[in-house]
Amino acid sequence: MGSALEGRHALITGGGTGIGAAAAQHLNDEGAKLSLLGRRIEPLRAVADGLAGAAVQCDVTNPERVRAAFDDARAANGPIDILIVNAGIAESAPFHKMSRESWDRIVATNLTAAFDCARAAIGDLLKSDNGRLVFVASVASLRGVPYAAHYAASKHGILGLMRSLAAEYAKTRLTVNAVCPGYVDTPMTDQSVARVSEITGRSEADSRAVITNMNASGRLVDPQAIAKVIAMLCLPHLGDINGTAIAIDGGTSA
Ligand code: NDP
């Protein structure tokens with residue numbers, strides 16, 4: 001347990017599960033006050049209650065809800081010092097069968113909502129003496145992904161947003177960075193495994209092996225490792241790490 005982030009307010013989208021929940025734990029360990037956003041209130045409450053954080057129900061694809069939820073978070077914990085843009089969804093389809101609806105869903109959640117969340121917090125982040133904005137991007141931000149053109153396009157877009165904000169605010173106290181995980185042991189990967197099983201008829205174990213071997217390491221990334229890097233990027237004395245995309249993918253993008 002540290003106190004480097006004592007008194008700072010960290011808002012995490014998708015904070016009830018997977019990488020977001022792990023990041024909540026690590027930021028809490030450094031002393032941050034937490035607001036966790038997501039569509040389902042139960043997982044948010046389960047994490048927030050254990051960490052004395054605020055659980056705020058919010059579909060980040062609804063810009064009015066984003067503004068209202070960020071206000072609720074401020075009412076609970078004060079101005080936002082740290083924003084972790086983590087909420088995301090994945091789908092897969094061969095490109096010739098990819099529907100416009102699926103493209104819109106993915107881009108709305110993974111990219112447009114990231115814009116809305118960053119816009120909703122930017123005033124606070126710039127007023128903070130050490131504002132921190134961290135995007136959870138992906139190895140799919142760094143290379144193309146067969147059967148996931150929409151997902152990879154949305155995650156490439158996140159890096160464009162991240163780098164532009166880092167450059168625009170370089171002379172301020174705000175830093176803007178991204179983490180780029182390979183396949184991580186989270187509910188999203190469980191869903192990918194289920195999709196492989198459904199499409200190929202393979203067993204759960206064989207489908208998990210297919211996904212796991214998409215990481216060069218042949219193993220899934222531990223969400224705790226992603227969370228540790230996220231929390232590190234939020235430390236006050238690391239103000240010169242700005243505009244970086246840190247791959248945590250077992251060497252997949254090497
Ligand atoms: P999870 O599915 O556990 O996390 C996704 C979170 O986003 C959930 O808590 C979900 O909560 C929330 N979310 C999804 N849509 C919305 C929405 N419209 N509004 C608000 N919250 C939403 O998986 P991960 O932890 O793995 O995913 C976290 C991030 O990491 C994502 O951006 C993902 O793209 C990225 N990532 C994941 C990888 C992996 O292998 N798992 C690899 C690389 C990147 P709820 O459903 O309740 O809204």
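With the checklist (1) in contact (Cβ under 8 Å) with a residue 24 or more places away in the chain; (2) more than 13 Å from the ligand (Cβ to nearest atom); (3) not acidic (Asp, Glu) in hand, flag the one item residue 68 doesn't pass.
In the conditions (1) in contact (Cβ under 8 Å) with a residue 24 or more places away in the chain; (2) more than 13 Å from the ligand (Cβ to nearest atom); (3) not acidic (Asp, Glu), residue 68 misses (1) alone.
Under the condition of being among the hydroxyl-bearing types (Ser, Thr, Tyr) and touching a helix residue (DSSP H, G or I) at 6+ places or on another chain (Cβ under 8 Å), which residue from region 110-145 is surrounded by the most Cβ atoms within 10 Å (Cβ to Cβ)?
138
For residue 215, are the conditions met, namely being within 12 Å of the ligand (Cβ to nearest atom), in contact (Cβ under 8 Å) with a residue 12 or more places away in the chain, of a type in the set (S, T, N, Q) and part of a loop (DSSP other than H, G, I, E, B)?
Against the criterion (within 12 Å of the ligand (Cβ to nearest atom), in contact (Cβ under 8 Å) with a residue 12 or more places away in the chain, of a type in the set (S, T, N, Q) and part of a loop (DSSP other than H, G, I, E, B)), residue 215 qualifies.
Across region 124-173, what is the number of residues that are out of contact with any Lys or Arg (no Cβ under 7 Å at 6 or more places or on another chain) and acidic (Asp, Glu)?
2
For the list (1) more than 19 Å from residue 74 (Cα to Cα); (2) in a loop (DSSP other than H, G, I, E, B); (3) not β-branched (Val, Ile, Thr), I need the number of the one condition that residue 7 fails.
The single condition residue 7 does not satisfy is (1).
Residues are listed down the side, and each one gets a yes or a no for (1) within 24 Å of residue 89 (Cβ to Cβ); (2) of a type in the set (Lys, Arg); (3) in contact with a helix residue (DSSP H, G or I) (Cβ under 6 Å, 6 or more places away or on another chain):
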site: 147; (1), (2), (3): yes, no, no
site: 153; (1), (2), (3): yes, no, no
site: 160; (1), (2), (3): yes, no, no
site: 175; (1), (2), (3): no, no, no
site: 178; (1), (2), (3): yes, no, yes
site: 192; (1), (2), (3): yes, no, yes
site: 207; (1), (2), (3): yes, no, yes
site: 216; (1), (2), (3): no, no, no
site: 235; (1), (2), (3): no, no, no
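Within region 80-124, track down each residue that is more than 16 Å from the ligand (Cβ to nearest atom) and assigned to a helix (DSSP H, G or I).
95, 96, 97, 100, 122, 123, 124
Only residues that are under 25 Å from residue 25 (Cβ atoms), out of contact with any Gly (no Cβ under 9 Å at 6 or more places or on another chain) and buried (at least 16 other Cβ atoms within 10 Å of the Cβ): list them for region 196-224, please.
208, 211
Out of (1) more than 14 Å from the chain's Cα centre (by Cα); (2) assigned to a loop (DSSP other than H, G, I, E, B), what's the single condition that is false for residue 65?
Unmet condition: (2).
Being part of a loop (DSSP other than H, G, I, E, B), within 15 Å of the ligand (Cβ to nearest atom) and modelled with pLDDT of 95 or more: is that true of residue 134 here?
Judged against the criteria, residue 134 is not a match.
Please tell me if residue 164 is without any contact (Cβ under 8 Å) to a residue 60 or more places away in the chain, farther than 22 Å from residue 222 by Cβ and either more than 13 Å from the ligand (Cβ to nearest atom) or not aromatic (Phe, Trp, Tyr) (or both).
Against the criterion (without any contact (Cβ under 8 Å) to a residue 60 or more places away in the chain, farther than 22 Å from residue 222 by Cβ and either more than 13 Å from the ligand (Cβ to nearest atom) or not aromatic (Phe, Trp, Tyr) (or both)), residue 164 qualifies.
The values are calculated or read from the model by the stated rules, or taken from the named source; none is laboratory data. Just so it is clear, the structure is predicted and the values come from calculations on it, not from any experiment. Quick reminder, even Gly has a Cβ in these numbers, built from the backbone with ideal geometry, and neighbours come from all protein chains shown.
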